[in-house]
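In what follows, a single structure is set out as structure tokens and then discussed.
The values are calculated or read from the model by the stated rules, or taken from the named source; none is laboratory data. In this text the structure is predicted, and so the values were computed from the model without any measurement. All Cβ positions, glycine included, derive from the backbone under ideal geometry; neighbour counts span all protein chains shown. For the accessible areas, the whole protein counts, side chains as well, though only heavy atoms, and no ligand, DNA or RNA atoms are used. Shrake-Rupley method; radii C 1.70, N 1.55, O 1.52, S 1.80 Å.
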Amino acid sequence: LSSLKKFDEIKKANQAAAKKLVEDQLSSSSEDDDEDAEAKQGKILDKTFTIYTSQTNGDASELERTRQYMNEAFQSGAMTCLICIASVKRNQAVWSCCGCFCIFHLVCIQKWAKDSLFLVSSPLTDDDFGKKDYPWPCPKCRFEYKRSETPSRYYCYCGKVENPEVDPWLVPHSCGQICEREFKPSCGHKCLLLCHPGPCPPCPKMVTTTCHCKKAKAVPRRCSAKEWSCRLPCGRTLLCGQHVCENPCHAGDCQPCPRVSKQQCICGRQTAERLCASPQWQCDQVCGKCLPCGNHTCEQVCHAGPCGDCPRSGKRSCPCGKTKFTLPCTEDVPTCGDSCDKVLECGIHKCSQRCHRGPCEICRQEVEKQCRCGKHTKRMPCHKPYLCETKCTKIRDCQKHQCRRKCCSGNCPPCDQVCGRTLGCRNHKCPSGCHRGSCNPCPETVDVKCNCGKTVIKVPCGRERTIKPPKCKQLCSQPPTCHHPTQEKHYCHFGRCPPCRQPCRKTLTCGHLCPVSCHDEALVKQTGSHQSAGPWEQPSEPAFIQTALPCPPCEVPIPVECLGQHEVSHGNCPVNPLPCHSANPYSCKRFCGRLLDCQNHTCMKECHRVTKSNSSADGKKAGPECSQCEEECTKPRPAGCPHRCVLPCHPGDCPSCLQMLKIKCHCKLSVLYIECLKLTCADVKEKELLISCRNQCPKEV
């Protein structure tokens, strides 16, 4: 039980960690967070450029290059260390090259500098090591740095703050202070941006300056563009001294004079048309002037000044140089007869011939010669080199391959094989000669495109598999997958388009249009009856499938009359309008209230359906479904009639009462039976006559 309990706790912890990781990834890639990040990035850029744009009246056209470097600093995965081919994060120590402004991890560049210095100094002997400060190059632009310039600490871009703190409202690796680096080329002003990556923009200050030729009046101009031309002719005297520069006002020295003039050569014998900018030229004729000796002529080609003395005059040496003679210039120097004794080409032996003219012969003495590698000796003529057939087994400077050169002197040449190792990008092989240490970073760049291909960013080779594609501002051009002719406007993306949120607008069976959002591709959870094999098996997440759902029942409010036609459901009615799918006649729970056939009472049934007869035009008249009146007639009787109406409740007047009244006559002796109708309708005289029995009155007077 304890082991199962512990297993369940670990299982829950792992599931919670995995869920949190998925949520973090989803939240980091959501469009809302991306939009917030873009807004935040825009605010930081505006804050960085504020001081600069205040000097340029809001003109930020010169900031595009710097803006590009800053956008790469913000974009996840855009800044890549070319040494380790990994992303540069905002909480890592970095170093920026001052030549190409590429950013590397501080640890990576330190290792790179150390390896480079070792490779350069490794062929040196112990005596030479340390006598020269060999440089190390930037991995990207090959800009050379001295050994003393190897970075050892982490600084911000402007170099003011060591170990700058991570601030989400600043550019990554920036200290947030004004840059104040000198502009290049130097103009005396300093950069006004906040500490930033990449090169500083051109100087925005305004200065008063004149044109190149100094003829125009000085005007105020931007310091970065203070050199300007008035386009008037330059007018400066050219180097020929005869003409002036006719080019428009320009910077630097004037070009050579383009005019052509007749000019003599140096010796003055020939004249030719030549460019005015090159007045001195030589012809091809030999001088030929008679030398002071009177026996020889000058053999120099077209020259200036005197020809000089005869080269054969004065003291001259014999061919071996041991004896000097003073002879006329017309006589040749004889040989002295002594041995030549000049050192032969071998550098060891001397020429044994008599003093002679021309080169000495080759050395033919036999000597014991050692081969170049020093492993073998042989007796042979001195002038012949001795190379044995033994192949060198030393490892070349690459520390991988043997020299394999025949009779090697020990100074093995560099390895001539191609390195061929796979670079860190995993796409290309190293094209350099075989070498020690790490290969240079892959120089190639790869285009990472959006889905439509219109937005492209360049990333170092090898990063295309891990970097996020660029955000494209073009509208998605994929055809709709639902029944709508066009889809909602949204930006270019990879994968399936987001669910359509347009109203469905399909025609329902009732004739109305479906008002809900499109449901052609709704995600429906698919539940299975999979039984886990044990507590170690993770519960599988429910799968979702896309399917088209039917349109929901129509909810359009329809005015409906109740069964008894007492009311109609509408907006102003206390009864809410009924939805179309349930819009059937209903009972309002009131009494029917229709006038029954008796014309005296109304139907007391609850509101019900009434069948209308064609003969009846009155809508308030009772129908066959209404109740039948079972009351007695309650209409008032004629005055004096004590009887009820013999009919049940009926319309119109009651029938005449035909019952007989039992009445005593005036004398109270006889009982008379008289119709009630006659009695009640008779006047006083007639009543007296009707009540009379017509017999002799027995009363006494």
How high is the relative contact order of the chain, given as a whole-number percent (alpha carbon pairs under 8 Å, six or more residues apart)?
-> 5
Tell me the label-point distance for the pair Leu549, Phe325, using the 7 Å Cα-to-Cβ offset, in nm and rounded to one decimal.
-> 12.4
Which FRET efficiency, nearest 0.05, do Lys612 and His650 yield, Cβ-Cβ r, R0 22 Å?
-> 0.40
Rounded if a/c under 1.5, otherwise prolate or oblate - region 139-222, Cα gyration tensor axes = oblate
Shape call, region 259-382: gyration tensor on alpha carbons, a/c limit 1.5 = oblate
Quick one: if you stick a label point 7 Å off each Cα along the C-beta vector at Glu631 and Val568, how many nm between them?
-> 3.2
Members of Lys369/Lys391; Lys315/Lys384; Lys184/Lys458; Lys146/Lys468 lying beyond 29 Å, as alpha-carbon distances in this model show = Lys315/Lys384; Lys146/Lys468
Dipole magnitude of the chain, debye to nearest 20 (Cβ charges: Lys/Arg +1, Asp/Glu -1, about Cα centre) = 2620
Looking only at region 213-241, which residues have a backbone nitrogen under 19 Å from a spot 7 Å from the Cα of Val260 in the C-beta direction?
-> 240
Positive-pole candidate from Ser477, Pro334, Ser569, dipole of the chain, charges at beta carbon | Pro334
Residue among His196, Thr150, Phe7 farthest towards the positive dipole end of the chain, charges placed on Cβ = Thr150
In sequence order, what are the phi-derived ³J(HN,Hα) couplings for region 282-295 according to the Karplus relation 6.51 cos²θ - 1.76 cosθ + 1.60 with θ = phi - 60°, rounded to whole Hz, with x for glycine and proline?
-> 10, 8, 9, 7, 6, 4, x, 6, 6, 6, x, 5, x, 10
For the chain: accessible area per residue (Å², 1.4 Å) | 67
The chain, helix-only ellipticity at 222 nm - DSSP H runs n ≥ 4, -39,500 (n - 2.57), divided by all residues, nearest 500 | -4500 deg cm²/dmol
Specify whether the C-alpha gyration tensor of region 646-701 places it in the rounded, prolate or oblate class, a ≥ b ≥ c being the square roots of the eigenvalues: rounded for a/c under 1.5, otherwise prolate if a/b is larger than b/c and oblate if not.
-> prolate
Of Ile266, Ala522, Pro220, which is farthest on the positive side of the dipole of the chain, counting Cα position, with +1 on Lys and Arg Cβ, -1 on Asp and Glu Cβ, and the Cα centre as origin?
-> Ile266
Amide H contacts of Cys633 (H built 1.01 Å from N, under 5 Å, at least 5 apart or other chain) = Cys649
Taking the alpha-carbon centroid of each part, what is the distance from region 250-324 to region 495-519 in angstrom?
-> 100
Name the long-range amide H neighbours of Ile558: under 5 Å, sequence gap of 5 or more, or other chain; modelled H, no Pro or chain starts.
-> Leu578, Cys580
Determine ³J(HN,Hα), in whole Hz, for all residues of region 339-344 in sequence, where each value follows from phi through the Karplus function 6.51 cos²θ - 1.76 cosθ + 1.60 and θ = phi - 60°; x replaces Gly and Pro.
-> 5, 5, 6, 7, 5, 6
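First measure r as the distance between the Cβ atoms of His356 and His296, then evaluate 1/(1 + (r/R0)^6) with R0 = 25 Å and state the FRET efficiency to the nearest 0.05.
About 0.50, to the nearest 0.05.
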Please list, in chain and number order, the residues 5+ apart from Thr209 or on another chain whose amide H is under 5 Å from its amide H, with Hs placed from the backbone.
-> Val219, Arg221
Region 157-237: chymotrypsin sites (Phe, Trp or Tyr not before Pro) falling in loop per DSSP and having at most 13 other Cβ within 10 Å = Trp169
In Hz, Karplus ³J(HN,Hα) per residue of region 86-94 (6.51, -1.76, 1.60; θ = phi - 60°; x = Gly, Pro) | 10, 5, 9, 9, 6, 9, 9, 6, 10
Okay, which of region 166-206 sit inside 20 Å, backbone N to the point 7 Å along the Cα-Cβ direction of Ala251?
-> 182-191, 199-206
For the chain, the Debye formula with one identical point scatterer on each Cα and no solvent gives log10 I(q)/I(0) at q = 0.06, 0.08 Å⁻¹ as -0.86, -1.13
Carbon and sulfur %, accessible surface of the chain computed with the full protein complex present, 1.4 Å = 52
Apply 1/(1 + (r/R0)^6) to the Cβ-Cβ distance of Ser432 and Lys289, taking R0 = 41 Å, and write down the FRET efficiency to the nearest 0.05.
-> 0.10
Computed label-point distance, nm, for sites Glu180 and Leu117 using a 7 Å Cα→Cβ extension = 3.0
